[in-house]
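Structure first, commentary second.
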Amino acid sequence: MTEQATDPRSGDPDELAATVEAGGFWRLVPGWVPRDFTEPTPALLEHVESGLRRLVA
């Protein structure tokens, strides 16, 4: 048998996304971990990008 035939995990990204969307992983983390996040602002993204560029320079 091949490893794929015996491995119960799926490599399907749509299946993984559906599991995450259904809240399938939240039982694995403490209750204080935020479940919702705000959309990052352009200024924040620029700040993060410049910091990452400094790290690799």
Could you list all residues from segment 19-51 that are surrounded by 10 or more Cβ atoms within 10 Å (Cβ to Cβ), modelled with pLDDT of 85 or more and either assigned to a loop (DSSP other than H, G, I, E, B) or hydrophobic (A, V, I, L, M, F, W, C) (or both)?
Pro40, Leu44, Leu45, Val48
Could you grab me the full set of residues in segment 8-18 that are at pLDDT below 75 and surrounded by fewer than 10 Cβ atoms within 10 Å (Cβ to Cβ)?
Pro8, Arg9
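The values are calculated or read from the model by the stated rules, or taken from the named source; none is laboratory data. As the structure is a prediction and not an experimental result, all values here were calculated from the model. Ideal geometry is used to build each Cβ from the backbone, glycine not excepted, and the neighbour counts take in all protein chains shown.
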